[in-house]
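Only one structure is covered here, and it is reproduced in the block below.
Please treat every number below as a calculation from the coordinates, not as lab data. Everything numeric in this text was worked out from a predicted model, so none of it was measured. Neighbour counts run over all protein chains shown; Cβ positions are idealised from the backbone, glycine included.
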Amino acid sequence: MLSRTLVLKVAELPAFKRWIRHSRLTQGLIKRFIAGEDLETALRITRQLNQEGFLVALDYLGEDTHRIEDAEYAAEQYITLLEQIHKSGVNSCISIKLTQLGLDLGDSIARRNLEKVLAAARELNNFVWVDMESSKHTQAILDLFCELYPRYPHSGTVLQSYLYRTPQDLERLIALGARIRLVKGAYAEPKEVAYPDKRSVDRQFKIQMEMLLEKGNEPAIATHDTRLISDAKRYAAELGLSKTQFEFQLLYGISRELQKRLVAEGYRTLIYVPYGEQWYPYFSRRLAERPANLYFILRSLFRK
Ligand SMILES: Cc1cc2nc3c(=O)[nH]c(=O)nc-3n(C[C@H](O)[C@H](O)[C@H](O)COP(=O)(O)OP(=O)(O)OC[C@H]3O[C@@H](n4cnc5c(N)ncnc54)[C@H](O)[C@@H]3O)c2cc1C
């Protein structure tokens, strides 16, 4: 069985990157996970998803920005996105990464860019999710989020069940009153900071999900794991929550039948829709989550 760490390492190899980007064999899989490279396509897909009953969070892809101009450009792109969402009338919030807005260049640069985006979202009556990234950024992301939240309460952030620190972070964010999206976690983390085995991560997710459903503000349960989704439905019903007092969130292109079923059953369901030219790191995390995706393209390669 290929590990997440190994797949992410292979994904960093320049020859592999070139092959993924240019091979005819990989284009179908890229299209499955990435809505497109431009804003127009992303808005068209958002409109379709809205018509099918889904809420949407748009992610203008990008991360690990190392130049101030690129971080400022990303913030401008998000402001344009917010304006276009407003103008086109689609129902979508946005989801952003702080390393895209310059977190590695210093807190003050990321703060300035994040504040610009949050202010634009407030102006346009929209909502901003701050994605969670690798564990070397967790503290800085949460600190910045918690600092700005009181002035920009139309924002939420993400906690990852695989991190040992998450129970404390969950308490801190619940006390703050912020919306929280709970995920298992998508990065290759050392065993000093994160549970290495799926069974422990799933167990943690269940415990944290129950706490979030009990005490959280409009909790977002972000998983495609059907067992955990059934657990969430059951526990929410036990607590007397209606199907719209919490939200299921799923990624564009993954478990599409499940997505449709949730909407048909009346659950509030949001699809996270990534678009943009910088799709490679996001795409490689989707390969690493499910090595079968990688086997699928490698098999087609060797069949040729
Ligand atoms: C809306 C949303 C936002 C997210 N935001 C973040 C974030 O900010 N930070 C972060 O670290 N992670 C984020 N993630 C990713 C998350 O951490 C997991 O890596 C991802 O959701 C896969 O885990 P799972 O909960 O679906 O469970 P798993 O046990 O990994 O998968 C359950 C089932 O889902 C299906 N599935 C899962 N992944 C794939 C795939 N790539 N391809 C095909 N089928 C698949 C399979 O059928 C699998 O059996 C987000 C996930 C979602 C849904």
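A few points about this structure:
- Restricting segment 150-249 to trypsin sites (Lys or Arg not before Pro) in coil, as DSSP defines it, with at most 16 other Cβ within 10 Å: ARG151, ARG165, LYS191, LYS243
- Among VAL56, LEU250, LEU213 the positive-end extreme of the charge dipole of the chain (Cβ point charges): LEU250
- Here's the list of aspartates and glutamates a cross-link from LYS9 could span, going by alpha-carbon distance under 14 Å and ignoring same-chain residues fewer than 8 apart: GLU189, GLU289.
- Beta bridges per DSSP with both ends in segment 124-270, % antiparallel, nearest 5: 5
- Where chymotrypsin sites (Phe, Trp or Tyr not before Pro) fall in DSSP loop in segment 177-277, at most 13 other Cβ within 10 Å: none
- Given LYS17/LYS191; LYS31/LYS116; LYS191/LYS243; LYS87/LYS136, the pairs whose alpha carbons are separated by over 29 Å: LYS31/LYS116; LYS191/LYS243; LYS87/LYS136
- Student exercise, segment 26-153 dipole from Lys, Arg, Asp, Glu Cβ charges, in Debye to nearest 20: 380
- Three principal axis extents of the chain based on alpha-carbon atoms, in descending order, are 54, 44, 43 Å.
- From helices alone, the chain scores -16500 deg cm²/dmol at 222 nm; the rule is -39500 (n - 2.57) for each run of n ≥ 4 DSSP H residues, then divide by the residue total.
- Segment GLU277-GLU210, extension gain: residue separation times 0.36 nm, minus the distance between their alpha carbons: 20.4 nm
- Between segment 57-95 and segment 13-39, the C-alpha centres lie 21 angstrom from each other.
- Computed with the Debye formula from one identical point scatterer per Cα of segment 160-304, without solvent, the log10 of I(q)/I(0) at q = 0.12, 0.13 Å⁻¹ comes to -0.56, -0.65.
- Rounded to the nearest 20, the size of the Cβ-charge dipole of segment 97-238 about its Cα centre is 180 debye, with Lys and Arg at +1 and Asp and Glu at -1.
- Around the Cα centre of the chain, unit charges on the Cβ atoms of Lys, Arg, Asp and Glu (plus for the first two, minus for the last two) sum to a dipole of about 1360 debye.
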